[in-house]
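The values are calculated or read from the model by the stated rules, or taken from the named source; none is laboratory data. As the structure is a computational prediction, the values presented were derived from the model and not from experiment. Ideal geometry is used to build each Cβ from the backbone, glycine not excepted, and the neighbour counts take in all protein chains shown. Protein only, heavy atoms only, side chains kept; ligands, DNA and RNA dropped before computing areas. Shrake-Rupley method; radii C 1.70, N 1.55, O 1.52, S 1.80 Å.
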Amino acid sequence: MSTTTQSSSLDRDNVPVDLYDDEYAYSSVSRAAVLSLVFSLLGLLSWYSPLLLFPSVLACIFALVAFGNFRKYPRELSGKSLAQIGALISLATLIVAPFKHAYIYYTELPEGYERISFTALKSPLGAPDLPPQSAIELDGKKVFLKGYIHPTSLSSNASKTFVLVPDWATCCFGKQPPLTHMVEVRLTGDQFASKSLRRHSLAGTLSVHPYKKQIDGLDGVFYELEADHFE
């Protein structure tokens with residue numbers, strides 16, 4: 001009686017090559033590919049603020065790492081489609097979002113108004129919480145300013161007055177901001193404000209007081225803005 005032995009080629013580790021082609025062979029999902037997709041989705045928030053573009057940059061980096069790993073370990077790693085989707089989303093975001101914000105920046109300023117930021121209103125770090133010279137020079141001028149509505153400053157869901165603050169943290173957590181970080185806004189015409197977490201654009205005449213004006217719910221303000229534009 002004779003026996004027939006089926007032979008197969010061996011690799012350098014004496015493992016049959018045809019085992020690599022087993023459809024049930026194990027492969028792990030690339031973590032870099034997963035991170036690329038996750039950060040690309042987070043980067044979509046940059047549609048609302050250009051400061052949130054950083055996750056899209058990270059998504060591109062992780063996608064490049066994933067593609068490099070796929071070339072090195074084509075049989076051991078899976079998830080190439082995740083890296084491809086992450087790369088496409090992040091690249092599209094890095095192109096479209098800056099263009100959108102640039103367009104808004106160059107078209108949003110109403111005619112006859114000066115664009116300012118809270119930087120011109122804030123007291124320098126370590127200095128007394130009083131209007132700096134840059135703010136005093138804006139007294140009586142027509143300015144365009146962006147900020148967030150402080151949640152405790154609204155008397156109703158259709159209020160004509162509120163306090164504008166520069167950042168999300170103050171807006172969302174409702175803590176007492178420094179005096180030079182607040183502007184009391186009075187809306188003219190038929191405009192009204194309600195509670196909101198989004199950034200608003202305002203244009204109007206700024207008044208800078210040498211004394212602290214008392215307001216309900218907060219310590220007081222030095223700045224008032226009579227706004228005829230609110231968005």
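What's the FRET efficiency of Trp168 with Arg75 using the Cβ-Cβ distance as r and R₀ = 35 Å, to the nearest 0.05? Given R0 = 35 Å and the Cβ-Cβ separation, E is 0.15. Residue separation of Lys100 and Gln84 scaled by 0.36 nm, minus their Cα-Cα distance, works out to 3.4 nm of gained length. Once both labels are positioned 7 Å from their Cα atoms along Cα-to-Cβ, the gap between Arg115 and Thr188 label points is 2.3 nm. Within the accessible surface of the range 56-133, defined with a 1.4 Å probe on protein heavy atoms only, the carbon and sulfur portion equals 67 percent.
Cβ-Cβ distance of Ala127 and Lys212, R₀ of 25 Å, FRET efficiency by 1/(1 + (r/R0)^6): the value works out to about 0.95. Cross-link partners of Lys80 among lysines, defined as those whose alpha carbon lies under 29 angstrom from its own and excluding same-chain residues fewer than eight positions apart: Lys72.
Sorting the segments 194-205, 102-113 by their residues' average number of neighbouring beta-carbon atoms within 10 angstrom, most packed first, yields 194-205, 102-113. Could you pull out the pairs from Lys141/Lys212; Lys122/Lys213; Lys100/Lys141; Lys146/Lys213 whose alpha carbons sit more than 26 Å apart here? Cα-Cα > 26 Å for Lys100/Lys141; rest within. Quick one: net charge of Glu108's neighbours, Cβ under 10 Å, K/R +1, D/E -1? That works out to +1. Computed over protein heavy atoms with a 1.4 Å probe, the accessible surface of the range 57-134 works out to 65 Å² per residue. Modelled this way, with points 7 Å down the Cα-to-C-beta line, the labels at Glu231 and Lys146 are 1.1 nm from one another. Between Ser27 and Leu197, the FRET efficiency from the beta-carbon distance, with R0 = 45 Å, is close to 0.55.
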